[in-house]
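A quick write-up on the structure given underneath.
The values are calculated or read from the model by the stated rules, or taken from the named source; none is laboratory data. Remember, it's a predicted structure, so these values are computed and weren't measured experimentally. Ideal geometry is used to build each Cβ from the backbone, glycine not excepted, and the neighbour counts take in all protein chains shown.
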Amino acid sequence: MLHYLYLDYGGRAAVRRELRYSLISLRQDLGPEPGARIVVYTDVPATYANWPVEVVDIAAQTQAWSGGGLYHHRIKPAVVLDALRRFDGPVCFVDSDSIIRPGFHAEVAAKMAPQDVWSATKTPLVMNHFELRNPFPPLKGFRTRLPHLGDYRYDTANSWMFNSGLIGASPVHVPLLEDTLAVIDALIGRARKFITVEQFAISEVARLSLTPIAEVRDTFLHYWQGRRRVYMTHVIERDLSPDWDDLSPPKQWTKMNYWAVRAYNYWYGITHPFEALRS
């Protein structure tokens, strides 16, 4: 059974509201008899006590999993690794700032299945989408040693990065996640400069371990950009019930129309000038 993973820590109310919207959209795609379970990793388990989800309390782990607080996005691959060991089956981490569209579960499940690649059978890693090659040019010359792959060096010609708003992994990927955390730990002192180290690390380890990466684009909307998140704050407040435990879907899912996003941000900038300056 596939376990979908959400993450809520640090008391960030806006992220928690985004999680609720995303989770409701995932539940609608899964239907009344899902072939999957939803798990929320959180440091406030009581918040989700009345939700039909499994809750994993990570209050005691957030400090260690964030590298002593130096890089909070390190928690994402740490959660995926913990879930692979805990559930001994495939898992899929879903960023809170996302909307699940119809067909998502079927696409993820199909793309996580083992595939014949040339003369070998490989189990793909599932991620959102490819971003770029040579994502951090200043890392030229960077080297470290990984527990499974051994010596690693940054390659300006071939190093690459996929967006980690979605991370679908199987038990065979446990060594990959362990190497991912090792790359992050080797770079954690530079995390403020390279704020997407976690997605770079997992992409690089997949590349070097010859692990295929399958992209999920059309059924997964990841609205991480600032303007879209401002717009979604408005949409979530408008469309969802004020009752936290009410997981009823909205009457209509937002389509994230470009002009609607721009118009709302224009209005927001006029009516909240000081907040706009801070952002």
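Couple of notes before you dig in:
- Residue within the stretch 154-168 that is of a type in the set (D, E, K, R), at negative phi and out of contact with any Ser or Thr (no Cβ under 9 Å at 6 or more places or on another chain) present: yes
- S159 being closer than 17 Å to Y6 by Cβ, crowded, with 16+ Cβ neighbours inside 10 Å and either of a type outside the set (D, E, K, R) or in contact (Cβ under 8 Å) with a residue 24 or more places away in the chain (or both): no
- Among residues of the stretch 148-166, those that are touching a Leu at 6+ places or on another chain (Cβ under 9 Å) and within 26 Å of V79 (Cα to Cα), counted: 8
- Top-ranked residue in the stretch 43-87 [being in contact (Cβ under 8 Å) with a residue 24 or more places away in the chain and among the polar types (S, T, N, Q); ranked as farthest from I195 (Cα to Cα)]: N50
- Set side by side, the residues W253, W244, W224 differ, and just one is closer than 22 Å to F104 by Cβ, at pLDDT 85 or above and either surrounded by fewer than 18 Cβ atoms within 10 Å (Cβ to Cβ) or in contact with a helix residue (DSSP H, G or I) (Cβ under 8 Å, 6 or more places away or on another chain) (or both), which is W253.
- V183 buried (at least 16 other Cβ atoms within 10 Å of the Cβ), within 17 Å of the chain's Cα centre (by Cα) and within 30 Å of A14 (Cβ to Cβ): no
- Scanning the stretch 77-94 for residues that are touching a strand residue (DSSP E or B) at 6+ places or on another chain (Cβ under 9 Å) and surrounded by fewer than 23 Cβ atoms within 10 Å (Cβ to Cβ) turns up L81, D82, L84, R86, F87, G89.
- Helices (runs of 4 or more DSSP H) within the stretch 181-279 that include 1 or more residues under 17 Å from G165 (Cα atoms) and not assigned by TED's automatic domain parsing to the domain that holds V53: 226-239
- L132 passes every criterion in (1) surrounded by 19 or more Cβ atoms within 10 Å (Cβ to Cβ); (2) more than 17 Å from the chain's Cα centre (by Cα) apart from (1).
- A157 being part of a helix (DSSP H, G or I) and among the small types (G, A, S): no
- When R37, R27, R85 are screened for being among the charged types (D, E, K, R), in the same structural domain as K193 (by TED's automatic domain parsing) and within 21 Å of L176 (Cα to Cα), only R85 passes.
Per-residue answers, yes or no, for (1) within 25 Å of S203 (Cβ to Cβ); (2) of a type in the set (K, R); (3) touching a helix residue (DSSP H, G or I) at 6+ places or on another chain (Cβ under 9 Å):
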site	(1), (2), (3)
Y4	yes, no, yes
R20	no, yes, yes
S25	no, no, yes
P32	no, no, no
A49	no, no, no
G68	yes, no, yes
Y71	yes, no, yes
I75	yes, no, yes
L84	yes, no, yes
